[in-house]
Structures are given as C-alpha cells and as structure tokens.
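Participant: Take a look at this one; I'll ask things after.
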Amino acid sequence: MDEYGNTGEGRVARRDEAVRAAVEQGLLGPDSPIVGLLDVTGIRESAAELRAAFAEVTAPGTPVLHAFAVKATPLVPVLRLLREEGIGAEVASPGELALARAAGLSPAETVLDSPAKTPAELREALALGIAVNADNPQELDRIDGLVRSAVSRSPLGIRVNPQVGGGSIGATSTATATSKFGVALRDEGAREWVVCAYLDRPWLSRLHAHTGSQGIPLSLMAQGVAETYALAEEINRRIGRPQIDTVDIGGGLPVNFASDVTAPTYAEYARALREAVPGLFDGRYGLVTEFGRSLLAKHGTIVARVEYAKSAGGRAVAVTHAGVQVATRTVYVPGSWPLRITAYDGKGRPKSGPEVVQDVAGPACFAGDLLAEGRALPLLDQGDYAAALDTGAYYFAHHYAYNSLARPGIYGFVPDRPGGVRFATVRDPQTLASIVAESGGAHAGALTTLHAPGSR
C-alpha cells in the first residue's frame, strides 16, 4: 500500500514524473516512439502487501510460498526483483523455467504447472527438485515411472478442477465443467480416483487448484479453495495420517482496470478465505499461492507517441505506435479487456483541456487496431503521447509481431532525489536485424533450393 492507501495517488504521481522524465532523457521521442515503463516502487509495495495479507491470517510458523505466475510478466529482471521481495515463481513451460533460473530462483522457490508437460520437462523438474502438480492421470503415470527410476526431492501433487463455475470472462475461467485444467472432481468416478491416487502413492504430498483469473468474483475463488481443502481433509482421513501437507490455492485475484484504486486487495481476499475456510489457516497445511496479474498490472504503463492526428467521419483519430502488437487482448476483445488512456503533451506532461471524443489507434494495418474507441480525452495532437495504463501484466511483455513491428524497450523507474527519476533497462528495444533473424534471414535461399523430382 502506498502513502495514499489503496487510492493509487502515489502511483499516479510517480507515473506522471516517469513519463516526463522519459521524454526529457530521450527514452521517448521521434526515434523511440513507444516504451514500456515499470514502477519498481509499486512492485515492491504489492509484494509486501501480499506477504503481509497472508501472514495476518495464517498460524505462526506456517510455511507459505508466494509463487509469481511468470506468464503474467516473463521478464528476468522482474523475476529477480520479486525474488528479492520474497516471491518465488510458478512456471508453465521450459521457457518460463529457464527465465526463473536465469533470475536466480531456487528449486524450492519454484512450482511447475502446465497441462502439457513433456517427459523431458518432468524429468528436468524432478532432477532439480522443483515442485510439480500433475494435471491428469496420464501425466501421473509418467511421474510414476520417473519416481521409480530416480530419487527426487520434488514436492509432488495433483491439480484438481473443483468445477465451481466460471466468471464474466470465459477464457480466464479455469473451474468450469469442461475446463482443460486438472482432474474434474464432479465427473463420475473422478473424486474417488484422486483419493486412491494418494492412497497408492505416499510421496504425493500436495493438492492444487486454480479457480480462475480476471472476471472471477472473490466468492467463487473462495468456493474453489474450500472445495480443494475439503478434498485434502477427506484424503488425509482416508489415509489416516496428514499425507497432504500443502495446499496450492493458485492465484487469479482480479484487477480493477476502471480506476487507479487497488481493488480487491490481497488483505480482503485473505480475510475472505479465512472466513470461508478457517481450517486451511490453522497451521496444519502449508500454503502456495500463484498470483500474477494482480502483482504487476497496475505498475506498468505503455507510452506511445502520436505520429499523426486526423479525423474521419467527424471523429478525431490519434494514430500512435501502440496497438495490437502490445495490447492484443484489448484490440481483439475490447469488451473484456478495456484499457484506460491518459494524454500527455509533447514534453511528457499530463495534458489538460476540454475532453473530445476520439479514437486512439495503433500502427497495424487493419481497421480494428484501436487502443480505445470513442474515448473522451483532452484532444491528442501530433507529437503528444498516449499512455495505456495498468499494462504491467500480459501486455508489453507479450509481443504480437503483427506487421513485423518491433518489440518496445522496457524500463523500470524509481524516484530520484531531488525531484528526478532514475531508469534501468529491463529489455532493450528490438532491432530490425533481430526481426530479420527471427524471420528466417539466415535461410533466405532455403526454399529456392527445393525442387520436386522432374520439375526442372
């Protein structure tokens, strides 16, 4: 929580200063018309709020691992910063595991979740001692073979789907009747299969569920956790001892994209869980969480220069350098993923003046490439800047290479005395040479050498 509580005023002040400083220091300008900015102070505050929220509701001495969902912001410096703040990593691919290891995350701080783990991925995780949640019976069979062939220190568990329902965004609801994730507990025979899997495998010590993400109400998240806890209790009763010693409750805390207010908070969610599932916090179970978006979203901003200001059909249109390549979800599904836009003038200062209904368009060559449509803002002119807010997760680190548009540079920032801003490079801007290399530049003539028999 910043000095203004959950209102976000401190974050807004830091953001405004960072945009101004980015222009003054040349990070933003005609030759670098788009950047991503990360508020390091805000990230540290969110990590501290998460740790404090669960410390408040858990019994003293309870082991708790907060594992950041790497998919939300897969950037090595971000993972290193979070590690420094006591946050581990939840990975879902070999690439994400490589990022976590590059950031210095230890196996004990890492959890592997994925619905499609290969034998090689499982073998590596078990060799390193990384916690693994098996997604389905076939995967558990694979793990059986690996456990028989080599000793592993990995904490192992099963992911279950409590099938409690979905939220307002179907694509981010993971506990629906037909979700691809985990063992569907309400399917015929599935619950008994899970119980027997633990009865037959004394080395299974964890149980995992993840109810969903953006669009999921807290009550549904708590219901999913309650169902998972009840299953852990049933399994331990059937076995006659506390074989399951850790419950992984996933993440998915939604983010308020409508204003700068942080809502809901980690403290609110932790208290709601304690009220709904008090036994989970009495010290008998260790806890793992897997928050992603809620840790980073509000601490990231994409800032893009207005290259041209025009009008069409009587509506003003600001053509910027931020569009589908950095805000893919917003462009393709604007109803579910709207973004707030803030206007800055050519010197990076917040722009004032009468609000004008206008479109904020991106650079890609299709008509729907819009960051915002029909939005009331101070009129954006050529050389101004449009900032897409709350984009620290699932935006500038998830580049979509439409039109071979380059990945923007990303810079972390902190206030610097007196009244300045200090930046650090998180990711360099992509070069044209890199685009060519990724597009097969080294194999330019490869296809011309292939000829079907008799074609020449």
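Participant: Which is at pLDDT below 95, crowded, with 21+ Cβ neighbours inside 10 Å, hydrophobic (A, V, I, L, M, F, W, C) and touching a Ser or Thr at 6+ places or on another chain (Cβ under 7 Å), of 386, 397?
Facilitator: Selected residue: 397, the only one of 386, 397 that is at pLDDT below 95, crowded, with 21+ Cβ neighbours inside 10 Å, hydrophobic (A, V, I, L, M, F, W, C) and touching a Ser or Thr at 6+ places or on another chain (Cβ under 7 Å).
Participant: If I filter the stretch 272-290 for residues that are among the charged types (D, E, K, R) and surrounded by 24 or more Cβ atoms within 10 Å (Cβ to Cβ), do I get at least one hit?
Facilitator: yes
Participant: List the pairs whose first member sits in the stretch 38-64 and is more than 16 Å from residue 267 (Cα to Cα), whose second member is of a type in the set (Gly, Ala, Ser) and modelled with pLDDT of 95 or more, and whose Cβ atoms are under 6 Å apart, counting only residues at least 6 apart or on separate chains?
Facilitator: 38/300; 38/412; 40/412; 62/283; 63/286
Participant: I'd like the full set of residues that are touching a residue at least 40 places away in the same chain (Cβ under 8 Å) and either among the small types (Gly, Ala, Ser) or not assigned by TED's automatic domain parsing to the domain that holds residue 184 (or both), limited to the stretch 116-134.
Facilitator: The one that is touching a residue at least 40 places away in the same chain (Cβ under 8 Å) and either among the small types (Gly, Ala, Ser) or not assigned by TED's automatic domain parsing to the domain that holds residue 184 (or both): 131.
Participant: Right, something else. Residue check: is residue 271 in a loop (DSSP other than H, G, I, E, B) and farther than 22 Å from residue 72 by Cβ?
Facilitator: Answer is no for this residue.
Participant: Out of 19, 70, which single residue is closer than 16 Å to residue 303 by Cβ and buried (at least 21 other Cβ atoms within 10 Å of the Cβ)?
Facilitator: When all the criteria are applied, what remains is 19.
Participant: Separate question: Among what's in the stretch 193-247 and is in a helix (DSSP H, G or I) and aromatic (Phe, Trp, Tyr), pick the residue that is nearest to residue 129 (Cα to Cα).
Facilitator: Checked the stretch 193-247; the qualifying residue nearest to residue 129 (Cα to Cα) is 198.
Participant: Just wondering, is there one or more residues in the stretch 78-91 that are acidic (Asp, Glu), modelled with pLDDT of 95 or more and buried (at least 21 other Cβ atoms within 10 Å of the Cβ)?
Facilitator: yes
Participant: Ok, one more. In the stretch 40-144, which helices (runs of 4 or more DSSP H) lie fully inside it and hold 1 or more residues that are in contact with a Phe, Trp or Tyr (Cβ under 8 Å, 6 or more places away or on another chain) and of a type in the set (Gly, Ala, Ser)?
Facilitator: Those helices (runs of 4 or more DSSP H) span 40-57.
Participant: Okay, next question. Is it true that residue 139 is in contact (Cβ under 8 Å) with a residue 24 or more places away in the chain, within 20 Å of residue 248 (Cβ to Cβ) and charged (D, E, K, R)?
Facilitator: It is false that residue 139 is in contact (Cβ under 8 Å) with a residue 24 or more places away in the chain, within 20 Å of residue 248 (Cβ to Cβ) and charged (D, E, K, R).
Participant: Out of everything in the stretch 297-329 that is touching a residue at least 60 places away in the same chain (Cβ under 8 Å) and among the hydroxyl-bearing types (Ser, Thr, Tyr), what residue ends up being farthest from residue 410 (Cα to Cα)?
Facilitator: Top of the filtered list is 308.
Participant: Can residue 144 be described as modelled with pLDDT under 95, of a type in the set (D, E, K, R), outside the structural domain of residue 393 (by TED's automatic domain parsing) and farther than 30 Å from residue 424 by Cα?
Facilitator: no
Participant: Being closer than 30 Å to residue 301 by Cβ, in contact with a helix residue (DSSP H, G or I) (Cβ under 7 Å, 6 or more places away or on another chain) and not hydroxyl-bearing (Ser, Thr, Tyr) is the filter here; which residues of the stretch 41-64 pass it?
Facilitator: 42, 43, 47, 49, 50, 53, 54
Participant: Does the stretch 434-449 contain at least one residue that is crowded, with 19+ Cβ neighbours inside 10 Å, more than 14 Å from residue 38 (Cβ to Cβ) and in the same structural domain as residue 21 (by TED's automatic domain parsing)?
Facilitator: no
Participant: Working only within the stretch 110-120, note down all residues that are surrounded by fewer than 20 Cβ atoms within 10 Å (Cβ to Cβ) and in contact with a helix residue (DSSP H, G or I) (Cβ under 7 Å, 6 or more places away or on another chain).
Facilitator: 119
The values are calculated or read from the model by the stated rules, or taken from the named source; none is laboratory data. Just so it is clear, the model here is predicted, and its values are computed rather than measured. Using ideal geometry, Cβ is built from the backbone for each residue, glycine included, and neighbour counts are taken over all protein chains shown.
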